[in-house]
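The values are calculated or read from the model by the stated rules, or taken from the named source; none is laboratory data. What you are looking at is a predicted structure, and each value in this text was computed from that prediction instead of being measured. Cβ: placed from backbone, ideal geometry, glycine included. Neighbour counts: every protein chain shown. Just so you know, the surface numbers come from the protein's heavy atoms only, side chains and all, with ligands and any DNA or RNA stripped out. Shrake-Rupley method; radii C 1.70, N 1.55, O 1.52, S 1.80 Å.
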Amino acid sequence: MLDQIADVGRDPRRGGYSRHGYDKPELELRHWFVEQAVERGLDVETDRNGNLWAWWGERGDNALVTGSHLDSVPGGGAFDGPLGVTSSLQAVDLLQAKGFQPQRPFAITVFAEEEGGRFGVACLGSRLLTGAIDARKALNLKDPDGVTLAESMKAAGYDPDLVGRDERALRRIGQFVELHVEQGRGLTVPVGVASSILAHGRWRFTFSGEGNHAGATLVEDRRDPMLPASHLVLAARRAARGGGRATVGRIVPNPGGTNVIASTVDVWLDARDSDDARTRAMVAEISEAARRAAEEEGCELRITEESYGDTVHFDAALRDDIAGALGGVPALPTGAGHDAGILAAHVPTAMLFVRNPTGVSHAPEEFAEQADVDEGVQALAATIEHLGS
Ligand code: GLV
Ligand code: MN
Ligand code: MN
């Protein structure tokens with residue numbers, strides 16, 4: 001099934017895929033998903049926050065829900081997100097072929113803008129659904145071209161006035177299970193279950209200096225925001241100790257000319273660690289280094305927390321129940337964020353992981369062997385049968 005969407009959203013410049021919330025490729029994938037769901041007799045609706053739901057049988061509360069997302073990071077791989085969606089559809093195929101009928105409401109979901117690749121906030125669809133982000137704040141988020149979430153939703157035919165915490169949708173999720181490609185090399189067998197997700201946040205550092213001429217301005221006369229921005233990158237590496245992870249993957253100088261001293265530089269920091277205190281301490285250390293470097297260069301610094309989520313411990317009973325039903329598969333932690341992690345604060349949530357032989361993810365080299373993918377589909381079907389009977 002991944003072959004069916006292999007040409008959608010290819011990014012010739014970065015390699016891999018760039019599919020972001022409500023852009024052309026992501027809308028094409030939504031359309032494809034609806035067609036696939038309808039072909040299987042599923043009944044599709046979109047909730048108030050742009051998440052898709054495909055119901056097998058009656059809609060209702062306390063449903064067993066599975067699914068993932070179809071958007072990607074810029075230049076991402078083929079599996080992060082889509083594998084959970086295609087596996088859900090294929091699990092339904094297996095179950096329908098053997099005449100299984102869920103004994104409780106059952107739905108496949110596709111969450112909107114999970115990666116935050118367009119509007120900057122990860123897990124936007126599930127955060128909005130659960131009220132983890134303020135609706136007005138979310139609707140005003142802008143993509144790199146200045147288009148707001150509200151504008152992009154409207155252009156795609158969704159009503160932004162409906163966006164916000166959705167009690168009805170939340171009530172409908174009795175248990176959520178997300179299948180996902182593993183994103184490290186932690187899994188040495190085809191399938192495992194998740195135990196926890198690191199505490200994780202994103203911060204934007206805006207350094208302001210003085211735009212000027214690269215040739216005519218003596219270095220001692222400069223207020224160059226690229227200097228403290230560079231210090232921030234190095235401070236992030238220094239501060240990430242003992243299992244902490246701090247990454248600068250995006251820097252935008254304005255105006256961004258080779259012969260121009262930038263007037264401002266935006267730097268995005270992604271920071272993760274085992275708990276809240278450790279993550280906050282790491283970000284405080286990096287922020288302090290950035291402040292000092294900004295002062296030395298005569299620049300101003302504004303720091304904005306764009307998103308944050310504390311450590312997620314998946315529901316132990318559900319995790320053990322699923323692992324047992326699958327014959328005792330291993331449980332492993334992950335450093336990657338997921339909609340399942342957002343939902344875990346509200347409903348029992350679990351994840352199935354499919355082995356990733358290289359451990360590469362968020363890059364075109366992301367990969368899973370066909371045999372492992374097939375085992376993942378079998379495991380998801382068995383999980384649905386186990387929980388849905
Ligand atoms: C999403 O995959 C994230 O961990 O950033
Ligand atoms: Mn991802
Ligand atoms: Mn994902």
Residues within the stretch 2-15 that are open to solvent by 20 Å² or more (accessible area, probe 1.4 Å) and at positive phi, tallied: 1
Hand me the list of helices (runs of 4 or more DSSP H) wholly inside the stretch 287-389 holding 2 or more residues that are of a type in the set (Val, Ile, Thr), assigned by TED's automatic domain parsing to the domain that holds Leu179 and under 28 Å from Ser18 (Cβ atoms). 370-388
Pick from the stretch 178-194 the residues that are surrounded by fewer than 24 Cβ atoms within 10 Å (Cβ to Cβ) and within 21 Å of Ser72 (Cα to Cα): which of them is nearest to ligand 1 (Cβ to nearest atom)? Gln183
Criterion first (of a type in the set (Ser, Thr, Tyr) and without any contact (Cβ under 8 Å) to a residue 40 or more places away in the chain) does Thr247 satisfy it? yes
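From Phe111, Phe100, which residue is within 16 Å of ligand 3 (Cβ to nearest atom) and among the aromatic types (Phe, Trp, Tyr)? Show your work before the answer.
Details: Phe100 fails: within 16 Å of ligand 3 (Cβ to nearest atom).
Just a single option satisfies the conditions, and that option is Phe111.
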Of (1) assigned to a helix (DSSP H, G or I); (2) within 30 Å of Gly192 (Cβ to Cβ), Arg241 satisfies every one except (1)
For the stretch 16-56 the number of residues that are in a loop (DSSP other than H, G, I, E, B), in contact with an Asp or Glu (Cβ under 8 Å, 6 or more places away or on another chain), charged (D, E, K, R) and crowded, with 18+ Cβ neighbours inside 10 Å is 3
Given the conditions (1) open to solvent by less than 10 Å² (accessible area, probe 1.4 Å); (2) out of contact with any Pro (no Cβ under 8 Å at 6 or more places or on another chain), which single one is not true for Gln378? (1)
Could you list, in sequence order, all residues of the stretch 57-77 that are in contact with a strand residue (DSSP E or B) (Cβ under 6 Å, 6 or more places away or on another chain), crowded, with 17+ Cβ neighbours inside 10 Å and assigned to a loop (DSSP other than H, G, I, E, B)? Leu70, Ser72
Note down all Cβ pairs under 8 Å where the first residue falls in the stretch 148-162 and is in contact (Cβ under 8 Å) with a residue 12 or more places away in the chain, the second is surrounded by 15 or more Cβ atoms within 10 Å (Cβ to Cβ) and among the small types (Gly, Ala, Ser), and they're at least six residues apart or on different chains. Leu149/Gly21; Leu149/Ala138; Ser152/Gly21; Met153/Gly50; Ala156/Gly50; Tyr158/Gly50; Pro160/Ala150
